[in-house]
Amino acid sequence: MVYKTANEKQTKALAKQIVGKLKPGDILALYGDLGSGKTTFVQGLAAALGVKATVNSPTFTFVKQYELLIHADLYRLKSAIDAETTGLFDYLGSPHHILVIEWPKVIERWLPAKTKKIYFKTTNETTREIIIN
Ligand code: ADP
Ligand code: MG
């Protein structure tokens, strides 16, 4: 499905819709260029899951836990080998968390087949196309 959102709020609302279909143990891989709305989407997921803390792009860590939601942002991860130091693998097989990964390319080979892939595309300053299969 291709979803079109016209502002940040709509991207968060789409995330809220998706939350209804998620359960612990699920993994989401978010693809798309910088600024395409991946973190905004994760903020929407967190809000819908009742997370009180503010979700942002971790600067010094690659993986951050918000209650049952685990947010990984591997943008600055140099190599797949380095992935071992992030703590990400503790959550990859966890049946208790929802794991959401931005910039998943570097660890793609370890993602289970059930991983849901979501693609973000900037179409203009405020519009985004979000493809969810
Ligand atoms: P990414 O994590 O993919 O790099 P972010 O979510 O951090 O992207 O940033 C998206 C930026 O684009 C934010 O500044 C947000 O306000 C802006 N924006 C504009 N329109 C939208 C939209 N339709 N959906 C999501 N973000 C949008
Ligand atoms: Mg981001």
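A short reminder: the numbers here are calculations on the coordinates, not readings from a lab. As the structure is a prediction and not an experimental result, all values here were calculated from the model. Positions of Cβ are backbone-derived with ideal geometry, glycine not excepted, and every protein chain shown enters the neighbour counts.
Amide H to amide H, with H built 1.01 Å from N, TYR66 comes under 5 Å of HIS71, counting only residues 5 or more places away or on other chains.
When the Cα gyration tensor is reduced to axis lengths a ≥ b ≥ c, the ratio a/c stays below 1.5 for region 45-128, which is therefore classed as rounded.
Candidate cross-link partners of LYS114 among the lysines, defined by an alpha-carbon separation under 23 Å and a same-chain spacing of 8 or more, comprise LYS16, LYS21, LYS23, LYS38, LYS64, LYS105. Applying 0.36 nm per residue to the separation of LYS52 and LYS117 and subtracting their alpha-carbon distance, the gain on full extension is 20.8 nm. Taking other C-beta atoms within 10 angstrom as a stand-in for reagent exposure, ILE81, ILE132, ILE101 fall in the order ILE81, ILE132, ILE101, fewest first. May I ask for the angle, rounded to the nearest 10°, between helix 38-48 and the longest principal axis of the chain, with both axes built from Cα atoms and the value confined to 0 to 90°? With both axes taken from Cα atoms, the answer is about 90 degrees. By the count of neighbouring beta-carbon atoms within 10 Å, fewest first, HIS97, HIS71 end up ordered HIS97, HIS71. Applying 0.36 nm per residue to the separation of LYS9 and ALA80 and subtracting their alpha-carbon distance, the gain on full extension is 22.2 nm. Annotation: amide H of TYR3 within the under-5 Å range of ILE130, ILE131, ILE132, sequence separation 5 or more or interchain, hydrogens built in the peptide plane.
Scalar couplings 3J(HN,Hα) for region 64-79, obtained by applying the Karplus form with A = 6.51, B = -1.76, C = 1.60 to θ = phi - 60°, are 9, 9, 10, 6, 7, 8, 10, 10, 10, 10, 9, 3, 9, 6, 6, 9 Hz; x denotes Gly and Pro.
Report the FRET efficiency, 1/(1 + (r/R0)^6), for ASP33 and ASP90, where r is their Cβ-Cβ distance and R0 is 25 Å, rounded to 0.05. Write down the numbers at each step before the final one.
Working: r = 28 Å, r/R0 = 1.14.
Computed FRET efficiency for ASP33 and ASP90: 0.30.
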